[in-house]
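Peer 1: Structure below; questions to follow.
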Amino acid sequence: MITIDELRKIAQQNNTVPAWNGLGIVKLRFAPSNSSTGDKSLAYHFYSDRTEANYHPIHDHVFSFSSTILKGTLQSTFYDFAIVDYETDYELRSSSYHYEGFNNEAVHPNIELYEAYKFNTLAGDDYWLDYRALHKVHPVSPNVVTLVNKINQPDLSVVWQQEQFNYIQDKHVPYVNTMFEKIPPDECWDIIEDILEN
Amino acid sequence: MITIDELKKLDGYAHYMGLGVIKYVFRKNRAYHFWSDLAPAIVEDIHEHRFGFTSKIIKGELKNYIYDVPGQDPNSSLQVERGECVPGAERIIEVPNANVVEMCTFTTVAGKSYKIAYDTLHRVECLTPKVITLLDKKLPFQQENPRFITDADNPSPCAFSQPKSDKECWEIIEYTLAE
């Protein structure tokens with residue numbers, strides 16, 4: 001398992017700090033050591049009760065990725081939906097990163113949602129998923145660490161495969177932009193250290 | 001690990017299915033699946049099921065590949081067929097020139113389970129020489145005619161076209177159970 005000192009060194013080399021994402025993850029994004037572009041196409045993800053989500057919709061991604069579980073057990077649940085013409089509890093929305101409300105638009109105002117498949121990945125396992133796969137993840141063990149690899153170019157960088165990501169909005173749950181509420185970097189480091197030690 | 005004697009007491013029936021598995025079906029909704037080199041696959045089509053299920057890995061390691069068909073691709077010879085999985089069944093071609101996209105892969109090790117809905121297109125690959133799983137089907141069946149992805153240029157044989165005798169099935173089960 002990587003140590004806190006090694007992580008701090010990676011952060012320093014990449015001129016970055018860990019950041020909390022409202023989906024319930026502290027992320028440390030970094031470039032592969034042999035990258036010519038410096039594109040931060042790798043990331044350590046840390047989950048614990050201290051990284052709790054403020055909003056956790058089912059979502060897809062702007063890139064495909066693989067994830068290797070380094071510690072703990074992570075559960076992934078995948079969903080399909082049917083577009084219907086009557087009022088339902090869920091809608092499919094599309095959004096872009098970075099800006100509150102920016103291009104956050106309804107794609108299908110009424111959908112029926114159902115679970116397609118579900119699996120657990122344990123320390124040492126990995127999984128891969130396409131950017132269009134609608135899913136959510138849930139830490140099954142108290143502390144989980146994963147290494148996410150988004151590289152899809154020969155120069156070890158990542159190119160987005162769709163402009164915006166999609167998410168399922170439960171109409172009874174208020175929307176929260178998961179990118180904007182922040183845990184300060186010092187607290188993120190403290191959380192990471194806690195996860196690594198326990 | 002269950003023994004051959006315990007299996008026989010479950011009063012089920014064993015049969016070979018051309019996806020490369022001996023199935024031992026018991027109590028209507030449960031089945032042990034036995035994969036080994038003695039039960040080679042004669043067909044490896046991506047498929048869905050008539051029922052959702054949970055599969056627990058009893059021995060070995062199994063990799064799942066999940067697919068979707070978001071549309072058509074004029075250069076693809078793949079097609080989505082729908083119909084019964086029985087010898088001689090008529091199937092309709094639901095999507096010719098299907099654009100088949102791999103959506104997810106994951107591996108499940110002994111002692112762990114995964115869950116799949118009836119209409120999830122998938123295939124599995126054994127990562128160890130012998131794999132045993134215990135399948136729990138959701139009853140009643142949720143559809144009669146599941147989908148299959150086939151290659152129009154290279155049609156597969158029917159998965160039931162090369163049956164094995166009861167004796168052969170039990171020999172393979174015993175072999176797969178052994179170390």
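The values are calculated or read from the model by the stated rules, or taken from the named source; none is laboratory data. Owing to the predicted nature of the structure, the values given are computational and were not obtained by experimental measurement. All Cβ positions, even for glycine, are placed from backbone atoms using ideal geometry, and neighbour counts span all protein chains on display.
Peer 1: Given the structure, is residue B:124 part of a strand (DSSP E or B) and of a type in the set (A, V, I, L, M)? Walk me through it before giving the result.
Peer 2: Details: part of a strand (DSSP E or B): yes; of a type in the set (A, V, I, L, M): yes.
Answer is yes for this residue.
Peer 1: What is the number of the single condition among (1) more than 26 Å from residue A:168 (Cα to Cα); (2) among the hydrophobic types (A, V, I, L, M, F, W, C); (3) not in a strand (DSSP E or B) that residue A:23 does not meet?
Peer 2: Only one criterion is unmet by residue A:23, namely (1).
Peer 1: Which count do you get for residues in region A:139-156 that are within 21 Å of residue A:53 (Cα to Cα) and not in a loop (DSSP other than H, G, I, E, B)? Steps first, answer last, please.
Peer 2: Our first condition is that a residue be within 21 Å of residue A:53 (Cα to Cα); within region A:139-156, this holds for A:139-148.
Applying the additional criterion that residues be not in a loop (DSSP other than H, G, I, E, B) yields A:139, A:144-148.
Result for region A:139-156: 6.
Peer 1: Taking region A:1-43, which residues are small (Gly, Ala, Ser) and under 21 Å from residue A:124 (Cβ atoms)?
Peer 2: So the first thing to find is which residues in region A:1-43 are small (Gly, Ala, Ser), and the list is A:11, A:19, A:22, A:24, A:31, A:33, A:35-36, A:38, A:41, A:43.
Passing the criteria: only A:43.
Peer 1: In region A:174-198, what residues are over 27 Å from residue A:130 (Cα atoms) and either surrounded by fewer than 14 Cβ atoms within 10 Å (Cβ to Cβ) or not hydrophobic (A, V, I, L, M, F, W, C) (or both)? Outline the logic, then answer.
Peer 2: So in region A:174-198, the residues over 27 Å from residue A:130 (Cα atoms) come out as A:174, A:181-198.
Result: A:174, A:181, A:182, A:184, A:185, A:186, A:187, A:190, A:193, A:194, A:197, A:198.
Peer 1: Residue A:159 - would you say it is in a loop (DSSP other than H, G, I, E, B), farther than 29 Å from residue A:73 by Cβ and either away from chain B (no Cβ under 14 Å) or of a type outside the set (D, E, K, R) (or both)?
Peer 2: Details: in a loop (DSSP other than H, G, I, E, B): yes; farther than 29 Å from residue A:73 by Cβ: yes; either away from chain B (no Cβ under 14 Å) or of a type outside the set (D, E, K, R) (or both): yes.
For residue A:159, the condition - in a loop (DSSP other than H, G, I, E, B), farther than 29 Å from residue A:73 by Cβ and either away from chain B (no Cβ under 14 Å) or of a type outside the set (D, E, K, R) (or both) - is met.
Peer 1: What pairs can you find where one residue is in region B:109-123 and within 7 Å of another protein chain (Cβ to nearest Cβ) and among the charged types (D, E, K, R), the other is surrounded by fewer than 18 Cβ atoms within 10 Å (Cβ to Cβ) and part of a strand (DSSP E or B), and their Cβ atoms are less than 6 Å apart, with a gap of 6+ or different chains?
Peer 2: B:115/B:54
Peer 1: A follow-up question, please. Which is more than 15 Å from the chain's Cα centre (by Cα) and either surrounded by 17 or more Cβ atoms within 10 Å (Cβ to Cβ) or within 14 Å of chain B (Cβ to nearest Cβ) (or both), of A:47, A:79?
Peer 2: On the way: A:47 fails: more than 15 Å from the chain's Cα centre (by Cα).
Exactly one residue qualifies, and that residue is A:79.
Peer 1: Can you tell which of A:83, A:69 is free of Cβ contacts under 8 Å to residues at least 40 places away in the same chain and closer than 24 Å to residue B:116 by Cα?
Peer 2: Values: A:69 fails: free of Cβ contacts under 8 Å to residues at least 40 places away in the same chain.
The match here is A:83.
Peer 1: Another one. Determine which single condition residue A:125 fails, assuming it passes every other condition in (1) among the charged types (D, E, K, R); (2) under 21 Å from residue B:120 (Cα atoms); (3) within 9 Å of chain B (Cβ to nearest Cβ).
Peer 2: Checking residue A:125 against (1) among the charged types (D, E, K, R); (2) under 21 Å from residue B:120 (Cα atoms); (3) within 9 Å of chain B (Cβ to nearest Cβ), the one that fails is (2).
Peer 1: Something else about it: Specify the residue that is farthest from the other protein chains (Cβ to nearest Cβ); the eligible residues are those in region B:86-106 that are modelled with pLDDT under 95 and within 17 Å of the chain's Cα centre (by Cα).
Peer 2: Taking region B:86-106 as the starting set, the residues that turn out to be modelled with pLDDT under 95 are B:86-91.
Remaining after also requiring within 17 Å of the chain's Cα centre (by Cα): B:86-87.
Working: B:86: 25, B:87: 29 Å.
Residue satisfying both the conditions and the ranking: B:87.
Peer 1: From the list A:136, A:40, exactly one residue is more than 12 Å from chain B (Cβ to nearest Cβ), part of a strand (DSSP E or B) and closer than 30 Å to residue A:186 by Cα. Which is it? So that I can check it myself, show each step before the final result.
Peer 2: On the way: A:40 fails: part of a strand (DSSP E or B).
Criteria check complete, one pass: A:136.
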